[in-house]
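Participant: Below you'll find the structure I mean.
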Amino acid sequence: MVREGLAFATVDLYNRDVEPKPTVDAPASGFTEFDLATLNEFSATQVAERRWGRAQVVRGPFADFLAAWDVDAANAELPRLTIARFKRTGTYALTVGALVVATASTLDKILPTLSRTTPEPAA
């Protein structure tokens, strides 16, 4: 709407209702600091008990992951399992290989499932 050469100031207001613009300062919803501390402690225990050979946190554009490799995996490129938290939804997922074993809204619901899928310690 134009009146005497002046643009109507609220036109863009209605466009925002249809398609919200992402904000640059929006916090990522990947792993929280509490998640990282919990996963660090859990993975250190798994490595010390020789259930895992190594573990690494990876921060991706869509999700954060804890990737874990078996003790006998040597230099395998792909991890045996991952715990992920998707940034858009905040959902956690546990995968073993290519199989999704569990999804949950909180990390504490994923970790008990993980203990049932982890092999016994290596001798």
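The values are calculated or read from the model by the stated rules, or taken from the named source; none is laboratory data. As the structure is a prediction and not an experimental result, all values here were calculated from the model.
Participant: Kindly check whether there is at least one residue in region 63-83 that is modelled with pLDDT of 95 or more and charged (D, E, K, R).
Facilitator: Within region 63-83 (the criterion being modelled with pLDDT of 95 or more and charged (D, E, K, R)), the answer is yes, since at least one residue qualifies.
Participant: So, one more: Please verify whether A44 is on the phi < 0 side of the Ramachandran plot and of a type in the set (G, A, S), treating the condition exactly as stated.
Facilitator: Against the criterion (on the phi < 0 side of the Ramachandran plot and of a type in the set (G, A, S)), A44 qualifies.
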